[in-house]
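Okay, structure first, notes after.
The values are calculated or read from the model by the stated rules, or taken from the named source; none is laboratory data. None of these values were measured; they are calculated from a predicted model. Positions of Cβ are backbone-derived with ideal geometry, glycine not excepted, and every protein chain shown enters the neighbour counts. Surface areas here come from the heavy atoms of the whole protein model, side chains and all, with no ligands, DNA or RNA. Shrake-Rupley method; radii C 1.70, N 1.55, O 1.52, S 1.80 Å.
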Amino acid sequence: GAGVSQSPSNKVTEKGKDVELRCDPISGHTALYWYRQSLGQGLEFLIYFQGNSAPDKSGLPSDRFSAERTGGSVSTLTIQRTQQEDSAVYLCASSHGTLRGYTFGSGTRLTVV
Amino acid sequence: GQQVMQIPQYQHVQEGEDFTTYCNSSTTLSNIQWYKQRPGGHPVFLIQLVKSGEVKKQKRLTFQFGEAKKNSSLHITATQTTDVGTYFCAVPNSNSGYALNFGKGTSLLVTP
């Protein structure tokens, strides 16, 4: 597509429920990244995929967080047993190779109540 | 990973005044990127600097990379209300290798 697409744009979930966030990167972009941004804060790195290589999961805050990227394209970020501190905007970005500028999606605003 | 300090945290200027935000690292950087995030929006890539002492211009925006590649600045000449937003610098995450660490950003407010 023309840009990075994320869905849903907003998600309200009850504490303890699992959620799945989807990212559809720009076609041909080999690198895909997940970040989260809490209200008024900077961007926190979560996970990075590059081509068919094993993902870099060094930023995932706990084992409740996982992500996969199928066929080198669409990615899903899963948060199990959500907690209130998981509330944030989850941003996906893609780039054409590494060390290039990112194109961000519009994000998914997650609210855990 | 590599951390960057970004200052100031906030800046409020009158339209037409200049604005500068600074990004400082304790270690030498291979490159640095700058992003702009409008209120309610997502970060948008502005530029990447790679060379020591590099200066790049985009209309009223001037980006500099220090000689020692440990600091960078973004200068906006004669601000306009359309410049409102948060400006982030981002540097390679040494742990990840390829992902970026973002500074906390400088929020710019421009009043007409």
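Just name the residue that is farthest from the other protein chains (Cβ to nearest Cβ) out of those in the range A:32-55 that are over 30 Å from B:Gln9 (Cα atoms) and not in a loop (DSSP other than H, G, I, E, B).
A:Phe49
Which residue, of B:Phe63, B:Phe88, is in contact with a Lys or Arg (Cβ under 7 Å, 6 or more places away or on another chain), within 14 Å of chain A (Cβ to nearest Cβ), modelled with pLDDT of 95 or more and under 23 Å from B:Tyr10 (Cβ atoms)?
Of the residues listed, the single one that is in contact with a Lys or Arg (Cβ under 7 Å, 6 or more places away or on another chain), within 14 Å of chain A (Cβ to nearest Cβ), modelled with pLDDT of 95 or more and under 23 Å from B:Tyr10 (Cβ atoms) is B:Phe63.
Within the range A:1-25, count every residue that is open to solvent by 30 Å² or more (accessible area, probe 1.4 Å) and out of contact with any helix residue (DSSP H, G or I) (no Cβ under 7 Å at 6 or more places or on another chain).
So the answer is 17.
Across the range A:86-101, which residue is most open to solvent (accessible area, probe 1.4 Å) among those that are at the interface with another protein chain (Cβ under 8 Å from one of its Cβ atoms) and at pLDDT below 95?
So, considering only residues that are at the interface with another protein chain (Cβ under 8 Å from one of its Cβ atoms) and at pLDDT below 95, the one most open to solvent (accessible area, probe 1.4 Å) is A:Arg100.
Considering the range B:1-39 alone, what residues qualify as being exposed (fewer than 15 other Cβ atoms within 10 Å of the Cβ) and under 26 Å from A:Val4 (Cα atoms)?
B:Arg38, B:Pro39
Just for the range B:40-56: of the residues that are within 11 Å of chain A (Cβ to nearest Cβ), touching a residue at least 12 places away in the same chain (Cβ under 8 Å) and open to solvent by 20 Å² or more (accessible area, probe 1.4 Å), which one is farthest from A:Ser106 (Cα to Cα)?
Of everything passing the filter in the range B:40-56, B:Val50 is farthest from A:Ser106 (Cα to Cα).
From the residues in the range A:56-73 that are without any contact (Cβ under 8 Å) to a residue 40 or more places away in the chain and assigned to a loop (DSSP other than H, G, I, E, B), which one is least open to solvent (accessible area, probe 1.4 Å)?
My answer is A:Gly59.
Among the candidates A:Thr30, A:Thr76, A:Thr82, single out the residue that is within 11 Å of the chain's Cα centre (by Cα) and in contact (Cβ under 8 Å) with a residue 24 or more places away in the chain.
Testing whether each residue is within 11 Å of the chain's Cα centre (by Cα) and in contact (Cβ under 8 Å) with a residue 24 or more places away in the chain leaves just A:Thr76.
Between residues in the range A:39-51 that are closer than 11 Å to A:Tyr90 by Cα and residues that are assigned to a loop (DSSP other than H, G, I, E, B) and open to solvent by 30 Å² or more (accessible area, probe 1.4 Å), which pairs lie under 7 Å by C-beta distance while being six or more apart or on different chains?
Within 7 Å, the pairs are A:Leu46/A:Leu60.
Take B:Thr62 and decide whether it is open to solvent by less than 70 Å² (accessible area, probe 1.4 Å) and touching an Asp or Glu at 6+ places or on another chain (Cβ under 7 Å).
no
Among the listed residues A:Thr82, A:Thr111, identify the single one that is more than 10 Å from chain B (Cβ to nearest Cβ), in a strand (DSSP E or B), out of contact with any helix residue (DSSP H, G or I) (no Cβ under 7 Å at 6 or more places or on another chain) and over 27 Å from B:Pro8 (Cα atoms).
Step by step, each of A:Thr82, A:Thr111 is checked, and only A:Thr111 is more than 10 Å from chain B (Cβ to nearest Cβ), in a strand (DSSP E or B), out of contact with any helix residue (DSSP H, G or I) (no Cβ under 7 Å at 6 or more places or on another chain) and over 27 Å from B:Pro8 (Cα atoms).
Do we find a residue being closer than 23 Å to B:Tyr98 by Cβ and acidic (Asp, Glu) anywhere in the range A:76-91?
no
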